[in-house]
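Please read the structure below before turning to the comments.
The values are calculated or read from the model by the stated rules, or taken from the named source; none is laboratory data. Remember, predicted model here, so these are calculated numbers, not experimental data. Cβ placement follows ideal geometry from the backbone for every residue including glycine, while neighbour counts extend to all protein chains displayed. Remember, those area values only see protein heavy atoms, side chains included, never the ligands or the DNA or RNA. Shrake-Rupley method; radii C 1.70, N 1.55, O 1.52, S 1.80 Å.
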Amino acid sequence: MEKVYILGGDQTDYSRNWTKEGKNFLAMLKEAVEDGLASVGMTEQDVIDLNKQNRIVACIGNFVGEYYCDQSHWGAFLTEVSPAFYGVPSARYESACASGSVAIDAAFAKLRAGDYDVAMVLGFEMMKTVNSKVCGDYLGRAANYELEAKGVDFPFPKLFGKLADTILEKYKPDKERFMRALAKISTKNYSNAKKNPKAQARNWFMDEAQANDRGTANNAQVGGLLAISDCSQVTDGAAVLFLATEAYAKEYAKKNGLSLSDLPYIKGWGHRVAPITYAKKVEEAKDEEYVLPWTRKAVEEAYARAGMGVEDMDFFETHDCFTSSEYAAVSAFGITEPGKEYEAIEAGRTELTGDKPINPSGGLIGCGHPVGGSGVRMMLDLYKQVAGKAGDYQVKDAKNGLMLNIGGSATTNYVYVVGK
């Protein structure tokens with residue numbers, strides 16, 4: 001198999017509200033692309049030269065820009081970002097909250113096939129153009145809208161609240177112990193975000209006492225057992241990655257005084273889709289060991305393709321749109337057996353200083369969740385950790401990492417393993 005290397009990338013500051021700044025989506029895209037190019041030492045002239053040789057492609061991840069920005073045809077908007085992209089083959093890819101990962105998948109496939117040598121992957125969402133209630137309705141399109149979201153205020157907190165209920169029903173852990181574990185997940189991710197200079201919640205406050213104080217003015221309930229502390233927030237943001245074939249990576253490494261072994265590459269991947277409605281997922285998993293069996297299957301496939309296992313992973317970036325999704329991921333990754341996730345959380349194993357850190361970046365809860373961009377941002381953080389460029393949230397001696405990006409209520413499941 002042709003190896004696909006990660007040259008680098010960048011993200012916008014996820015704490016920003018672009019609408020309040022008087023800037024539209026085009027300003028966001030321009031800034032993201034310019035910063036992304038600069039991060040890998042490329043210029044617009046390099047894009048022009050690569051395009052003349054038919055060596056570059058662009059893949060855009062976006063979920064519902066038609067609603068948030070009254071715009072579609074996102075691939076073509078690169079021509080508005082810069083004339084350097086005139087003629088560059090580009091298109092938009094969508095898979096709900098995993099839209100960034102399906103854009104990565106498309107780029108990965110094109111490079112492995114030898115169609116191009118370089119791929120720019122751009123994932124973004126501009127969500128603060130509407131109020132939170134309208135935003136929640138738009139996000140309901142990631143579920144079966146007619147059956148699960150239409151006329152429902154904030155449908156996704158309710159769906160992931162049901163995941164918390166299902167975990168309790170399936171494995172029967174002590175409820176208070178389970179809820180305290182969710183609070184620890186939230187506190188950890190807020191704490192990690194303080195070390196990330198582009199995280200949305202880096203200046204926000206959250207401690208375990210507040211995270212456990214659900215149902216009060218300090219931490220209102222939003223969906224079943226889940227409260228505000230258990231939720232990722234509405235985010236404006238974009239992330240950019242540059243991927244390359246081994247041949248181009250060798251050129252790039254030589255030009256920049258690097259060894260090819262200095263560059264991280266994609267070692268394994270998994271992609272599985274579960275039934276779209278949450279009720280059918282529960283029915284499907286009734287006799288299964290895992291509460292989200294197709295999520296576990298995607299993880300197993302990524303391990304198998306990488307020729308690795310959980311014992312080889314030094315850290316994880318996972319889709320903690322809610323604390324219940326990160327909780328379920330602990331066993332899906334193989335850190336514990338299903339139903340015992342709280343043991344790893346209580347023992348501090350998933351903390352930044354633990355043996356299996358989860359979301360050193362702050363994750364979706366701490367770093368932010370611009371829906372169409374989250375998968376790209378996760379892989380950017382895998383790159384940073386493996387390349388030793390994560391700064392204050394660097395995991396010591398990180399050589400291999402895994403990301404899980406889900407769309408809907410764990411409907412679309414994308415997993416990637418990145419290492420050197």
**Q.** Boolean, ARG349 is surrounded by fewer than 24 Cβ atoms within 10 Å (Cβ to Cβ) and either in a helix (DSSP H, G or I) or on the phi < 0 side of the Ramachandran plot (or both)
**A.** yes
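Report yes if ARG349 is modelled with pLDDT of 95 or more, basic (Lys, Arg) and under 22 Å from GLN233 (Cβ atoms), otherwise no. Give the derivation first.
Values: modelled with pLDDT of 95 or more: yes; basic (Lys, Arg): yes; under 22 Å from GLN233 (Cβ atoms): no.
Judged against the criteria, ARG349 is not a match.
Out of the residues in region 1-55 meeting the condition of being in a strand (DSSP E or B) and among the small types (Gly, Ala, Ser), tell me which one is nearest to VAL386 (Cα to Cα).
Kept after step one, since they are in a strand (DSSP E or B), are these residues of region 1-55: 4-11.
Right, trim to among the small types (Gly, Ala, Ser) and you get 8-9.
On the way: GLY8: 11, GLY9: 13 Å.
Among them, the one singled out is GLY8.
Looking at ILE365, is it touching a strand residue (DSSP E or B) at 6+ places or on another chain (Cβ under 8 Å) and either modelled with pLDDT under 95 or in a helix (DSSP H, G or I) (or both)?
Details: touching a strand residue (DSSP E or B) at 6+ places or on another chain (Cβ under 8 Å): yes; either modelled with pLDDT under 95 or in a helix (DSSP H, G or I) (or both): yes.
Answer is yes for this residue.
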Q. Of a type in the set (A, V, I, L, M, F, W, C) and touching a strand residue (DSSP E or B) at 6+ places or on another chain (Cβ under 6 Å) - does that describe any residue in region 250-261?
A. no
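Of everything in region 93-127, what is charged (D, E, K, R) and either open to solvent by less than 10 Å² (accessible area, probe 1.4 Å) or in contact with a helix residue (DSSP H, G or I) (Cβ under 8 Å, 6 or more places away or on another chain) (or both)? Give them in sequence order. Break it down into steps so the answer makes sense when it comes.
The initial filter retains those residues of region 93-127 that are charged (D, E, K, R), namely 94, 105, 110, 112, 115, 117, 125.
Within region 93-127, GLU94, ASP117, GLU125 qualify.
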(Q) Yes or no: region 71-85 includes at least one residue that is open to solvent by 40 Å² or more (accessible area, probe 1.4 Å), under 19 Å from SER374 (Cα atoms), acidic (Asp, Glu) and part of a helix (DSSP H, G or I). (A) no
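For region 62-80, name all the residues that are within 20 Å of the chain's Cα centre (by Cα) and closer than 17 Å to VAL33 by Cβ. I'd like the intermediate steps shown before the answer.
Taking region 62-80 first, the residues within 20 Å of the chain's Cα centre (by Cα) are 62-65, 68, 74.
Answer for region 62-80, where residues must be within 20 Å of the chain's Cα centre (by Cα) and closer than 17 Å to VAL33 by Cβ: ASN62, GLY65, TRP74.
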Q | Residue list for region 275-289, restricted to those being open to solvent by 40 Å² or more (accessible area, probe 1.4 Å), in contact with a helix residue (DSSP H, G or I) (Cβ under 8 Å, 6 or more places away or on another chain) and either hydroxyl-bearing (Ser, Thr, Tyr) or without any contact (Cβ under 8 Å) to a residue 40 or more places away in the chain (or both) | A | GLU284
